[in-house]
Amino acid sequence: MNENLKVNEVFQFMREFGVDLINRYGDLIIDEPTNTYTSITNCNDMDDVKTSVVFALCRPICKGLKERDANRLLERVNSYFHAELTRNDMSRLYEELCYVDKFTDFKEFIQRGFPMSELSEASE
């Protein structure tokens, strides 16, 4: 794990979001039953960690998981971020922002509260 990250903050986030565990390689196992995970080894701060988690969840929620599992994970996202995202919204995020070179844009998008109307306007 990056030395800039505070372990206590990571564990607090894990409790609040419902991350199942962290392994010795710096992987957050977001959901053990579905083997959904992300690495936080390159994260410099908690906003990077949160973005990495949402980044890792977009595709499974919109198209990779069974509906029951997808909805369960989507509820974690919505609960933590006080959002009302749908599986279709997660698909839009995946299509438009889930690229390594757009990580900073995605982080800022999350910090602004997921303003989905920006994506709708950009794609029209």
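The values are calculated or read from the model by the stated rules, or taken from the named source; none is laboratory data. Since the model is a prediction, treat every value here as computed from it, not as a measurement. Counting neighbours? That spans all protein chains shown, and the Cβs are built from the backbone with ideal geometry, glycine included. With ligands, DNA and RNA removed, areas are computed over all heavy atoms of the protein, side chains included. Shrake-Rupley method; radii C 1.70, N 1.55, O 1.52, S 1.80 Å.
If I filter segment 74-86 for residues that are in a helix (DSSP H, G or I), exposed (fewer than 14 other Cβ atoms within 10 Å of the Cβ) and at pLDDT below 95, do I get at least one hit? No, every residue in segment 74-86 fails to be in a helix (DSSP H, G or I), exposed (fewer than 14 other Cβ atoms within 10 Å of the Cβ) and at pLDDT below 95.
The residues of segment 37-69 that are of a type in the set (Val, Ile, Thr), open to solvent by 10 Å² or more (accessible area, probe 1.4 Å) and within 24 Å of Glu84 (Cα to Cα) amount to a single one, Thr38. Inspection of segment 64-72 finds a residue satisfying the criterion of being assigned to a helix (DSSP H, G or I), more than 22 Å from Val100 (Cα to Cα) and out of contact with any helix residue (DSSP H, G or I) (no Cβ under 9 Å at 6 or more places or on another chain).
Here is a yes/no grid of residues against (1) under 11 Å from the mean Cα position of the chain (by Cα); (2) touching a residue at least 12 places away in the same chain (Cβ under 8 Å); (3) closer than 15 Å to Phe17 by Cβ:
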residue: Ser39; (1), (2), (3): no, yes, no
residue: Val54; (1), (2), (3): yes, yes, yes
residue: Lys66; (1), (2), (3): no, no, no
residue: Arg76; (1), (2), (3): yes, yes, yes
residue: Phe81; (1), (2), (3): yes, yes, yes
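The requirement of being part of a helix (DSSP H, G or I), modelled with pLDDT of 95 or more, open to solvent by 40 Å² or more (accessible area, probe 1.4 Å) and not hydroxyl-bearing (Ser, Thr, Tyr) is fulfilled somewhere in segment 13-27, by at least one residue.
For beta carbons closer than 8 Å, sequence separation of 6+ or different chains, a first residue in segment 1-25 that is among the hydroxyl-bearing types (Ser, Thr, Tyr) and a second that is outside any helix (DSSP H, G or I), the qualifying pairs are Tyr25/Ser39; Tyr25/Thr41.
Looking for whichever is of a type in the set (Gly, Ala, Ser) and under 20 Å from Lys63 (Cα atoms) here; the options are Ser117, Ser79, Ser91. Which one fits? It would help to see each step written out before you state the result.
Values: Ser117 fails: under 20 Å from Lys63 (Cα atoms); Ser79 fails: under 20 Å from Lys63 (Cα atoms).
Result of the check over Ser117, Ser79, Ser91: Ser91.
For segment 23-37, residues that are under 16 Å from Lys6 (Cα atoms) and within 15 Å of the chain's Cα centre (by Cα) total 2.
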